[in-house]
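Scroll down for the structure; my scribbles are underneath it.
The values are calculated or read from the model by the stated rules, or taken from the named source; none is laboratory data. Owing to the predicted nature of the structure, the values given are computational and were not obtained by experimental measurement. Cβ placement follows ideal geometry from the backbone for every residue including glycine, while neighbour counts extend to all protein chains displayed.
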Amino acid sequence: MNYRRLGKSGLKLSEFSYGSWVTFSFQLDASIATECMKTAYDAGVNFFDNAEAYAEGQSEVIMGKVLRDMEWPRDSYCVSSKVFWGGEKPTQRGLSRKHIHDACHAALKRLRVDYLDLFFCHRPDRQTPIEETVRAMDSLIRQGKVLYWGTSEWSADEIRAAYGEAKQHNLEPPTMEQPQYNCFVRDKMEKEYLRLFEDEGLGTTIWSPLASGILTGKYGDGIPSGSRMALDIDFLKGRLESEVGKNMIHKTKTLTSLSDGIGISLVDLSLGWCLKNPNVSTVILGASNVDQLKENLKAAEAVDKLTPDVMERIEAVVQSKPEAWTDW
């Protein structure tokens, strides 16, 4: 396993990490979750990603049980949570000081840890002043309950506003952002955030590197039972069945031929493609069984095969590179 710094911080995360978005509770029970987390940890994974919204907190409960049962040294792994969707009541949602405080303490209890290594604002909250959110995160860091805080799917302007408030009031700024990133979804990582990488040293923990499974090639002939798309998640199905989704599946078939030609799997090609971006701190895997996880973890071995020529051939297929900023 290789390790990368989380932006300009001194924290080194494994280039592959393991997340539990729709797997824990929905697809995995505690025993399989234990096997997957142990497999990841034994392979060198040191970051496990979670959120209060995942399975309404049950995902963190399962992960917390695994962490307790495994008895790994607390200084050998990092664990995260995210705050935004904690419930239906007004005080259970958003990024107010109260909800951030309550969500952090609830996550600590569910995960059975004394502190969170990473704590993300799961989405921007336009009804709460950014200063209130930044101060709430700074307070948790000063109390030792959170080590690093960040954002997820925020715009560059919103992240810059957080940096501005932190610098103005001598508060802890965000360290990382968690965007979706794969060879079909690229605008934020390859265009919008570029100045943030250069100016602020923003780290990234990217999600959906396989485009919710599309880049495994398994959806070429419909939705197989037991797959992520087979779950009752409307926006995933909607994207798959849209014209955009159908076009992605068509391109995936061509990418499969390309990967076969250089002697690697489509999964290896897709995950390796993400690792080629130096602004990626870690790629979050969401495998739902041990065999799948082992296959994903081997993708690091394929990076050397993604030569400039191969990357150009991939680009010719996906045709998704963002337009560069105009240099006036």
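What number of residues within the stretch 109-133 satisfy the criterion of being basic (Lys, Arg), buried (at least 17 other Cβ atoms within 10 Å of the Cβ) and farther than 22 Å from residue 70 by Cβ?
Within the stretch 109-133, residues that are basic (Lys, Arg), buried (at least 17 other Cβ atoms within 10 Å of the Cβ) and farther than 22 Å from residue 70 by Cβ number 1.
Which residue pairs have Cβ atoms under 8 Å apart, sit 6 or more places apart or on different chains, and have a first residue in the stretch 153-168 that is in contact (Cβ under 8 Å) with a residue 12 or more places away in the chain and farther than 13 Å from residue 199 by Cβ and a second that is of a type in the set (S, T, N, Q) and part of a helix (DSSP H, G or I)?
Pairs that qualify, where the first residue is in contact (Cβ under 8 Å) with a residue 12 or more places away in the chain and farther than 13 Å from residue 199 by Cβ and the partner is of a type in the set (S, T, N, Q) and part of a helix (DSSP H, G or I), are 162/133.
Could you grab me the full set of residues in the stretch 26-80 that are β-branched (Val, Ile, Thr) and more than 22 Å from residue 148 (Cα to Cα)?
32, 34, 39, 62, 66
For the structure I just gave you, tell me whether residue 302 is modelled with pLDDT under 95 and surrounded by 13 or more Cβ atoms within 10 Å (Cβ to Cβ). Walk me through how you get there before you give the answer.
Values: modelled with pLDDT under 95: yes; surrounded by 13 or more Cβ atoms within 10 Å (Cβ to Cβ): yes.
Taking the combined requirement at face value, the residue satisfies it.
Tell me, yes or no, whether the stretch 249-262 has at least one residue that is small (Gly, Ala, Ser), modelled with pLDDT of 90 or more and under 21 Å from residue 16 (Cβ atoms).
yes
List pairs: first residue in the stretch 308-328 and touching a residue at least 24 places away in the same chain (Cβ under 8 Å), second residue part of a loop (DSSP other than H, G, I, E, B) and of a type in the set (Lys, Arg) anywhere in the structure, Cβ distance under 6 angstrom, at least six positions apart or on different chains.
Here the result reads 320/186; 322/186, each pair linking the stretch 308-328 to a residue that is part of a loop (DSSP other than H, G, I, E, B) and of a type in the set (Lys, Arg).
Identify all residues within the stretch 105-120 that are over 19 Å from the mean Cα position of the chain (by Cα) and closer than 21 Å to residue 7 by Cβ; write none if there are none. Show your work before the answer.
Looking only at the stretch 105-120, we keep the residues that are over 19 Å from the mean Cα position of the chain (by Cα), and these are 105-106, 108-110, 112-115.
Hit for the stretch 105-120 is 115, nothing else.
Please tell me if residue 276 is of a type in the set (Lys, Arg) and under 19 Å from residue 213 (Cα atoms).
So residue 276 fails the test.
Report yes if residue 60 is out of contact with any strand residue (DSSP E or B) (no Cβ under 6 Å at 6 or more places or on another chain) and either among the β-branched types (Val, Ile, Thr) or at pLDDT 95 or above (or both), otherwise no.
yes
Residue 227 fails exactly one of the following numbered conditions: (1) surrounded by fewer than 16 Cβ atoms within 10 Å (Cβ to Cβ); (2) modelled with pLDDT under 95; (3) at negative phi. What is the number of that condition?
Condition (1) is where residue 227 drops out.
Looking only at the stretch 280-294, count every residue that is buried (at least 19 other Cβ atoms within 10 Å of the Cβ) and either farther than 28 Å from residue 5 by Cα or of a type outside the set (Val, Ile, Thr) (or both) and tell me the total.
So the answer is 6.
Taking the residues in the stretch 179-203 that are in contact with a Leu (Cβ under 9 Å, 6 or more places away or on another chain) and not in a helix (DSSP H, G or I) as candidates, determine which candidate is farthest from residue 256 (Cα to Cα).
It comes out as 202.
Is there any pair with a first residue in the stretch 243-272 that is free of Cβ contacts under 8 Å to residues at least 24 places away in the same chain and a second that is outside any helix (DSSP H, G or I) and surrounded by 12 or more Cβ atoms within 10 Å (Cβ to Cβ) whose Cβ atoms are under 8 Å apart and which are 6 or more apart or on different chains, and what are they?
259/265
Looking at the stretch 300-328, which of its residues are part of a loop (DSSP other than H, G, I, E, B), within 16 Å of residue 182 (Cβ to Cβ) and small (Gly, Ala, Ser)?
Scanning the stretch 300-328 gives a single hit, 320.
Looking only at residues in the stretch 77-99 that are touching a strand residue (DSSP E or B) at 6+ places or on another chain (Cβ under 8 Å) and assigned to a loop (DSSP other than H, G, I, E, B), which one is surrounded by the most Cβ atoms within 10 Å (Cβ to Cβ)?
The residue in question is 95.
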